[in-house]
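Before we start, here is the structure in question, set down as structure tokens.
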């Protein structure tokens, strides 16, 4: 019988944590061995996510739980404040960290890479585990070599505070590396309503739509005479990130060192 | 045998004029009886548009041609500078004018309406003969009663000088009559790139995309928790206006007076 | 102070029932006065749906609970097997039924209408409470007068057993009433892969896409030379039905008799 | 001054031929040196396409015109019947052929490759010069590694005789090389209208929409729990092929041998 990957989840009762728990319970090559949350009672993790009881009870003490459960991999979406300390703790215990957050400096990542190399374990830090979003960005950047005239339209919920979205700016950066400096449109163009033409980024435009009921969507529209190429990714809920988390759990078993950015797992 | 509608076209060698000539030649209940263009040689109108010769030769003198050809209807897309004088001339000759242009004052229209009533003929003046665009606007306005959270995204060619488009502003006006004053989005929303959130109109946003190869497209995206309703009209070229012109030619045969706005023909 | 509408929910722990409970708790002009489910323990209904406790405890005996709670309106999505008896019980108690189900005969509806008239209360029976879906169908039917060339593409989850969807067939029926008998396409058309051209309905085609992660989406694509009109409704989850349920709760307070079909509430 | 690429066009008065003439006249690194069409009078090629006269007059004798004009490259979209003889003639004269057609056997291509190698010139044969369509196919195939659940929806004019389109089948083949054999959907699925689920290809479905006014569009919809990735290419007219033809004209100057398939020029 093949060895299952033993997985622990920090922040298991959070919105992302619950999705990760469900994913680990469902994937046949993974075994949930621990779930931790500072502010949660001793509930069975399966019951918590609406599945069958799984025999793993939520714990509050991360270090003790990790030490006892001896997972291969720990998944943590608790955010930037706890990210550095949790990552170091995991590596010290020989556990591969899958960190879904920002909040690391380049120097910090270099140090964590060194620690992973020493322990001969893999790890990954990524602000976004969406395979679909990564593919959309890659394809848009590749296509911009042939379709340099383009605009980005991104859609999020109407209570989102910032515009444009992080993903759209990241997309714009990746496109700019390929596309160069072309300034689109007619130089004499005028807005009769200010802002109608969207946000200017390196020669092209980003439009941010904010409406209730939308989780995260983005379309890159590219056009030349006689044709248009459209690459669109729609996320409906947090489940969209789970195939990426599952892929990361499997990948960190296969190398040594700390990788920053989920895109390195996608070819 | 049923009487065919006798149609004359002013500005017949212009881009819209050629399309109108083609339409009249193809519709079985219409007969092309005259084509006029101040700056065009005496070419056969059928040949000019790439069809079979039709026996009607382009003329330069509008008044003389109309007097001799005795059309039921005259179609004119030559623009605001000539619109008033051509319309008056037509009515005086008892010919029903179908005018595809702006440039009329409310007083001017009232006067033309009186003249039409006296002669007991119909006429129509409209800046836009696109049935699809009219339907898009009507449906968006109707739906906004139930879906007040919405944004408009319009797409035109990259050399268009003004943003947002006239159609999108007209759509926004019609929506506002139904929707009222709701201000969408989070009041603490911030743009990290100026203009990303689009142009503000009465509580909602209009986004203008400008790309090569696009003639005229518009989507009204309406969303509430758990659902979205999208109404989109794409025009690929001037042919898009022809079903509306044909409808107008038939309609002006059926009433007396001058109608302003093509939307009155669409129920 | 205005009187709040007193609402009871039958099948309150079901997937639709929970959404209805949430809706009633959130709407400021409604008051949740009872929740019933045959197989559920005595949990607080607010707690059950992840909101604050609301002081209303789930009950098993529908008749007793309705008699004691004296609601104005009862909402019931429990399905065809229980629909008739629950509706009759509600009317006998003078409670307005909002029934989200099929399973009624025309004769049965006529009888329920008579009972409602006698009690001078309103009621509604509808298989679909989605305002967006109703608008999509209405708009598509209206537009088909001018755009008779059209196809329907509907998207549902990959485990749905039947194709095409009920909504797409209903849309096709409504369109056919307006559009007549036009048979689209080239009569010499041939499929090199059987079924590629979709399902034939009265001269046009319906295409059923089945993919994981999709709840319910439908697009009616209408096209003529030079233009296309697209009307699309996307539902992401059961929340999409709640504005319609809320509207129905308010509407049944305003008339006497039994209405079949939610479309009668939408103008 | 840099040498311009001398280009001749066979079938210059055809629909594709005219577009190629326009493209060559507009590209600053190309020079139109000959245009040939068996059935066309001695018109100036610039005048024919609605541009300024260019001083190149249409000729009927291909061999003589090519011999006298000494082009670097000849472009030919005249079709399978003439493709082989025109290609051989071009190579014999040391002119690089850009052939937009099918109708070559693998043996024939191998022979032409040998002839090109001997003359140390490049050539290309391709049924489709659309850069956008190639990118759509490549991206869809790449993404299907991560998004194996997918369906193809293609849109063409309502007079097209065959369904599904060649491009959609080519896309399906490329996807199948990556995706393997997964059979989508519920095995108990049933069609209440035959064909609703589309054409079956290797575990997934192709839907062919046929409507007036549509030139060529295709969308590959890929979905997993919580997300969808959509890759769409819309062609509005023959201009869509011109960037690809221009790219091919430049590319054939840079290698020896005959390449089959335009996709080899796109990275």
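Taken together, the values in this text are just the output of simple stated rules run on the coordinates, not laboratory data. These numbers come from a predicted model, not from an experiment. So basically every Cβ, Gly included, is an ideal-geometry build from the backbone, and we count neighbours across all protein chains shown.
What distance in nm lies between label points placed 7 Å from Cα along the C-beta direction at residue C:44 and residue B:102?
Simple spin-label model gives 6.0 nm for this pair.
Using label points projected 7 Å from each Cα along Cα→Cβ, tell me how many nm separate residue C:93 and residue C:52, to one decimal.
My value for the distance between the label points is 2.7 nm.
A further question follows. Taking only Cα atoms and a 10 Å spring cutoff, compute GNM fluctuations for chain C and point out the largest among C:219, C:177, C:191.
Checking each option, the largest mean-square fluctuation is seen for C:191.
Obtain the radius of gyration and the Kirkwood radius of the stretch A:125-191 from its C-alpha atoms and give Rg over Rh.
1.02
What is the antiparallel percent of DSSP beta bridges lying wholly in the stretch D:131-236, to the nearest 5?
75 percent
Label residue C:225 and residue C:159 with points 7 Å out from Cα along Cα→Cβ: what is the distance between them in nm?
Going from the residue C:225 label point to the residue C:159 one covers 5.0 nm.
Something else now. Extent of chain A along each principal axis, from alpha carbon coordinates, in Å, largest to smallest?
Between the extreme Cα coordinates on each principal axis of chain A lie 68, 40, 36 Å.
I need the calculated FRET efficiency for the pair residue D:239 and residue B:239, taking r as the beta carbon distance and R₀ as 22 Å, to the nearest 0.05.
Plugging the Cβ-Cβ distance into 1/(1 + (r/R0)^6) gives 0.90.
Please state the equivalent ellipsoid semi-axes for the stretch B:1-133: what are the square roots of 5 times the Cα gyration tensor eigenvalues, largest first, in whole Å?
Taking √(5λ) for each eigenvalue gives 23, 16, 15 Å, largest first.
Can you tell me the 0 to 90 degree angle between the C-alpha axis of helix C:166-179 and the longest principal axis of chain C, rounded to 10?
Computed tilt is about 60 degrees.
Averaging sequence separations of C-alpha pairs under 8 Å and six or more residues apart, then dividing by the length of chain B, give the relative contact order as a whole percent.
20 percent
With runs of 4+ DSSP H residues as the only contributors, calculate the mean residue ellipticity of chain B at 222 nm using -39,500 (n - 2.57) per run, divided by the residue total and rounded to the nearest 500. Walk me through the numbers before you get to the answer.
Numbers: 8 runs with 88 residues, N = 267.
So the helix-based figure for chain B works out to -10000 deg cm²/dmol.
Out of all DSSP beta bridges with both ends in the protein assembly as shown, state the antiparallel percent to the nearest 5.
Working: 98 of 214 bridges.
Antiparallel: roughly 45 percent of the beta bridges in the protein assembly as shown.
Would you mind calculating the gained length between residue B:202 and residue B:63 on full extension (0.36 nm times residue separation, minus the Cα-Cα distance), in nm to one decimal?
Length difference between fully extended and current span is 45.4 nm.
What span do the alpha-carbon atoms of the stretch D:131-236 cover on each of the three principal axes, reported in whole Å from largest to smallest?
Largest to smallest, the principal-axis extents are 36, 35, 25 Å.
In square nanometres and to one decimal, what's the mean projected area of the convex hull around the Cα atoms of the stretch D:185-256?
Taking a quarter of the hull surface, the average projection is 9.0 nm².
OK, next. Pairs of alpha-carbon atoms within less than 8 angstrom and 6+ residues apart define the contacts here; what relative contact order does the stretch D:77-194 have, in percent?
21 percent
Using only atoms on other chains, find how many Cβ atoms lie within 10 Å of each Cβ of peptide C:182-191 and report the average.
If you average over the peptide's residues, the count of other-chain Cβ atoms is 4.
Right, something else. Counting only DSSP beta bridges with both residues in chain D, what percent are antiparallel, rounded to the nearest 5?
Taking every DSSP beta bridge within chain D, about 45 percent pair in antiparallel fashion.
Let me ask something else about it. Helix B:15-26 versus the longest principal axis of chain B: what is the Cα-based angle in degrees, 0 to 90, to the nearest 10?
60 degrees
So, how do all the Cα-to-Cα distances of the protein assembly as shown break down into 20 Å bins, in percent, from 0 on up?
Computed distribution, short to long bins: 11, 35, 37, 14, 3, 0.
Using Cα-Cα distances under 8 Å and only pairs 6 or more residues apart, what relative contact order does the stretch A:144-267 have, in percent?
Contact order relative to length: 32 percent.
With angles folded into 0 to 90 degrees, how steeply does helix A:242-251 sit against the dominant principal axis of chain A? Use alpha carbons for both and round to 10.
Between helix and principal axis, roughly 60 degrees.
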